[in-house]
Amino acid sequence: MDSVKYIGMDVHKEAISIAVLNSSGKLVMECTIETKAITILDFLKGLRGSLHVTFEEGTWAAWLYDLIKPHVTLVASRDHRA
């Protein structure tokens, strides 16, 4: 059975802060990567299991959603105004 990874992204122009939790909710990784397509995809390719990603709705949301959707199990964004 695949393990589930929950990935939260705080996306900014220059960098993305990422937290990865396992299916028990335990933090298994924290990192900061460049906001570049190849860097993001390389990061995701390095993870195993079902990847569930979430990030705030904002300037980068549509671009990021389109980029990562084919590479993960689930993508959800949250409107920061809510």
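Read-outs throughout are calculated quantities, based only on the coordinates presented, and are distinct from any laboratory measurement. These numbers were taken from a predicted model, which means no experiment stands behind them. As a convention, Cβ positions derive from the backbone with ideal geometry for all residues, glycine included, and neighbour counts pool all protein chains shown.
Quick look at the values:
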quantity	calculated
Interchain or long-range residues, amide H under 5 Å from E57's placed H	R78, D79, H80
Two-site label geometry, L21 and L41: point separation in nm, points 7 Å out along Cα→Cβ	2.9
Cut-off 13 Å (backbone N to label point 7 Å along Cα→Cβ of E34), residues of the stretch 42-70	42-43
Equivalent ellipsoid semi-axes, the stretch 6-79, via Cα gyration tensor eigenvalues times 5, rooted, Å	17, 13, 13
Qualifying trypsin sites (Lys or Arg not before Pro) in the stretch 1-34, DSSP loop, other Cβ atoms within 10 Å at most 14	K13, K26
Candidate lysines - alpha carbon under 16 Å from K13, same-chain residues fewer than 8 apart omitted	K36
Nearest-20 debye value, the chain charge dipole, Cβ charges on Lys, Arg, Asp, Glu	200
